[in-house]
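The values are calculated or read from the model by the stated rules, or taken from the named source; none is laboratory data. It should be emphasised that the depicted structure is a prediction, and the values quoted were computed from it without experimental measurement. Ideal geometry is used to build each Cβ from the backbone, glycine not excepted, and the neighbour counts take in all protein chains shown.
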Amino acid sequence: MMIDTGSVRSACAVAVLMLVVGLGGCTTGNNVQFARHSVLKLPNVLPHSSERFGLNLWVVNPKKNKSYEPNAFRVKVESLHRTDFHSDCQRTTYIPVTGSLAADGGKFVVEDYFFDDEQYAGDPCVCRRNQCSGLVTITLQYAGSGNKVSGVNTKLHISWDEQGNLEDVDVN
């Protein structure tokens, strides 16, 4: 089944609205974590309208009685990908969770984060559709210490192929 990535982005927006009502089975456990959605395959790596691959994820707080202030967490993004121009591209970047995470379903949404961290014009490690495939590992960390948040869905591996089709995205 072929899924249009533009439709996926629209569905992501609808799914975010559904999170206001409830988490809809996207989380398990009682820790701040990455939301997982089987239909949208969240988190995922898909081509942006510029044809450059972007990381999409949600950080959610299913805790009933605990809220978190902005910048309490960050997402460590470790990319190992290959392009048609370079066989071994490695990048480590961090995404600050700049929004607050309210109790019982607060969320922080990241869309089209360019994990390839273009370092100069003509960088051969820029990841574009039909030229790049690989693996991204995302780890939820406490911003102050850099320690990994314990619990389920706090460290995930996302792989994709160069065509950028959602059905080829694998999350584990």
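Restricting VAL171, VAL110 to residues that are at pLDDT below 95, under 20 Å from VAL60 (Cα atoms) and among the β-branched types (Val, Ile, Thr) narrows the list to VAL171. Considering the range 51-107, the qualifying strands (runs of 3 or more DSSP E), each wholly inside and each with 1 or more residues that are of a type in the set (A, V, I, L, M, F, W, C) and surrounded by fewer than 20 Cβ atoms within 10 Å (Cβ to Cβ), run over 73-83, 89-96.
Screening ASN153 on (1) under 14 Å from VAL77 (Cβ atoms); (2) surrounded by 19 or more Cβ atoms within 10 Å (Cβ to Cβ) shows it passes everything except condition (1).
Among the residues of the range 128-150, those that are within 25 Å of ALA72 (Cα to Cα), of a type outside the set (A, V, I, L, M, F, W, C) and out of contact with any Ser or Thr (no Cβ under 6 Å at 6 or more places or on another chain) comprise THR137, THR139, GLN141, TYR142, GLY144, SER145, GLY146, ASN147, SER150.
Per the listing LEU135, LEU46, LEU140, LEU40, the residue uniquely assigned to a loop (DSSP other than H, G, I, E, B) and either surrounded by fewer than 18 Cβ atoms within 10 Å (Cβ to Cβ) or on the phi < 0 side of the Ramachandran plot (or both) is LEU40.
Per-residue answers, yes or no, for (1) more than 17 Å from ALA35 (Cβ to Cβ); (2) of a type outside the set (Asp, Glu):
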site: ASN61; (1), (2): no, yes
site: PRO70; (1), (2): yes, yes
site: HIS81; (1), (2): yes, yes
site: HIS86; (1), (2): yes, yes
site: GLU118; (1), (2): yes, no
site: ARG129; (1), (2): yes, yes
site: SER145; (1), (2): yes, yes
site: VAL152; (1), (2): no, yes
site: ASN165; (1), (2): yes, yes
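Somewhere in the range 104-112, is a residue closer than 22 Å to SER145 by Cα, touching a Lys or Arg at 6+ places or on another chain (Cβ under 7 Å) and in contact (Cβ under 8 Å) with a residue 40 or more places away in the chain? There is no residue in the range 104-112 that is closer than 22 Å to SER145 by Cα, touching a Lys or Arg at 6+ places or on another chain (Cβ under 7 Å) and in contact (Cβ under 8 Å) with a residue 40 or more places away in the chain.
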